[in-house]
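Data block below; observations after.
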Amino acid sequence: MSIYELKPRFQALLRPMVVRLHRQGATANQVTMAACVISVALGLWLFFALPARAAFALIPLWMFLRMGLNAIDGMLAREFGQQSRLGAFLNELTDVVSDAALYLPFALVAPFSPFWVGALIVLAGLSEFAGALGPTVGASRRYDGPLGKSDRAFVFGALGLYVALGWPLPAWSGWLMPLLAALVAWTVVNRVRRALDEAAATPQNS
């Protein structure tokens, strides 16, 4: 079970807003790029400016808003004829860049290890790459868990809120990043395995 499976209900709530944005001339690619620019700006600001810990509250707030924007760009593309080859590239690439930027500030939070935060960033990128490769072997784009993009957004949003509240992180929480990295590695394996199973079960065109 992944948070991604709740996406249809979330989209139904957003549909009136999507209709209004379309009427105002907004495009899917504009929404995609705006979400990426804000994600990168927020992540780099938290990492380099070293603001007060309370600023980490912006991460859960933005994770929620970004989830909405990600749903909106997809709905604009599918429901209003805005799908494009460029949009397909932007959708995949900007997600990886945004995730990396938003996870980066946690490398500065003790007792998290910068190495494991970096490993998690790399594995998160690989998990999206593995999912996107599904169509190349005759399968669908894979979104399998246990720790897909939406699940990671929930985890890092919760961590950001915890840090912002100033609560001390116990020493054992240093193992959290290795655990998350292991779950993302499992996600990579699941996406590859299930894509291969799906492709094997799909009749070949003669």
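Please tell me if A35 is small (G, A, S) and assigned to a helix (DSSP H, G or I).
yes
Does any residue in the range 7-27 that is farther than 17 Å from F64 by Cβ come within less than 8 Å, Cβ to Cβ, of a residue that is open to solvent by less than 50 Å² (accessible area, probe 1.4 Å) and in a loop (DSSP other than H, G, I, E, B) six or more places away or on a different chain, and which pairs are these?
T27/Q82
Just a yes or no: is a residue in the range 139-152 over 28 Å from A200 (Cβ atoms), assigned to a helix (DSSP H, G or I) and not charged (D, E, K, R)?
no
Output the residues belonging to the range 146-182 that are over 21 Å from W62 (Cα atoms) and either in contact with a strand residue (DSSP E or B) (Cβ under 9 Å, 6 or more places away or on another chain) or open to solvent by 60 Å² or more (accessible area, probe 1.4 Å) (or both).
Scanning the range 146-182 gives P168, A171, W172, W175, L179.
Suppose we keep only residues that are part of a helix (DSSP H, G or I), open to solvent by 60 Å² or more (accessible area, probe 1.4 Å) and modelled with pLDDT under 95 within the range 14-32. Which one would you say is farthest from I72 (Cα to Cα)?
Here is the first cut: in the range 14-32, the ones part of a helix (DSSP H, G or I) are 14-23, 28-32.
Next cut, open to solvent by 60 Å² or more (accessible area, probe 1.4 Å) only: 15-17, 20, 22-23, 30.
Imposing the further condition that a residue be modelled with pLDDT under 95 reduces the set to 15-17, 20, 22-23.
Values: R15: 8, P16: 10, M17: 8, R20: 11, H22: 10, R23: 14 Å.
The qualifying residue farthest from I72 (Cα to Cα) is R23.
Suppose the filter is open to solvent by less than 20 Å² (accessible area, probe 1.4 Å), over 19 Å from C36 (Cβ atoms), at pLDDT 95 or above and part of a helix (DSSP H, G or I); does A185 pass it?
No, not satisfied.
Look at W62 and say whether it is open to solvent by 60 Å² or more (accessible area, probe 1.4 Å) and either touching an Asp or Glu at 6+ places or on another chain (Cβ under 7 Å) or farther than 26 Å from W186 by Cα (or both). Can you show your working first?
Details: open to solvent by 60 Å² or more (accessible area, probe 1.4 Å): no; either touching an Asp or Glu at 6+ places or on another chain (Cβ under 7 Å) or farther than 26 Å from W186 by Cα (or both): yes.
It is false that W62 is open to solvent by 60 Å² or more (accessible area, probe 1.4 Å) and either touching an Asp or Glu at 6+ places or on another chain (Cβ under 7 Å) or farther than 26 Å from W186 by Cα (or both).
With the structure loaded, tell me whether G43 is in contact with a helix residue (DSSP H, G or I) (Cβ under 7 Å, 6 or more places away or on another chain), open to solvent by less than 20 Å² (accessible area, probe 1.4 Å) and within 30 Å of P16 (Cβ to Cβ) or whether it fails that test. Break it down stepwise before answering.
Details: in contact with a helix residue (DSSP H, G or I) (Cβ under 7 Å, 6 or more places away or on another chain): yes; open to solvent by less than 20 Å² (accessible area, probe 1.4 Å): yes; within 30 Å of P16 (Cβ to Cβ): no.
Judged against the criteria, G43 is not a match.
When residues of the range 97-138 are filtered for being open to solvent by 50 Å² or more (accessible area, probe 1.4 Å), in a helix (DSSP H, G or I) and more than 18 Å from V163 (Cβ to Cβ), how many remain?
8
Free of Cβ contacts under 8 Å to residues at least 24 places away in the same chain, closer than 29 Å to L183 by Cβ and part of a helix (DSSP H, G or I), is that true of P60?
Details: free of Cβ contacts under 8 Å to residues at least 24 places away in the same chain: no; closer than 29 Å to L183 by Cβ: yes; part of a helix (DSSP H, G or I): yes.
Against the criterion (free of Cβ contacts under 8 Å to residues at least 24 places away in the same chain, closer than 29 Å to L183 by Cβ and part of a helix (DSSP H, G or I)), P60 does not qualify.
Out of curiosity, is A71 part of a helix (DSSP H, G or I), open to solvent by less than 20 Å² (accessible area, probe 1.4 Å), within 26 Å of M17 (Cβ to Cβ) and touching a helix residue (DSSP H, G or I) at 6+ places or on another chain (Cβ under 8 Å)?
It is true that A71 is part of a helix (DSSP H, G or I), open to solvent by less than 20 Å² (accessible area, probe 1.4 Å), within 26 Å of M17 (Cβ to Cβ) and touching a helix residue (DSSP H, G or I) at 6+ places or on another chain (Cβ under 8 Å).
I'd like to verify a number: residues in the range 74-96 that are small (G, A, S) and in a helix (DSSP H, G or I), how many?
4
The values are calculated or read from the model by the stated rules, or taken from the named source; none is laboratory data. Predicted, not measured: the structure shown is a model, and the values here were computed from it. Cβ atoms come from the backbone with ideal geometry, glycine included; neighbour counts cover every protein chain shown. When the accessible area is computed, the model is the full protein with side chains, heavy atoms only, and any ligands, DNA or RNA have been set aside. Shrake-Rupley method; radii C 1.70, N 1.55, O 1.52, S 1.80 Å.
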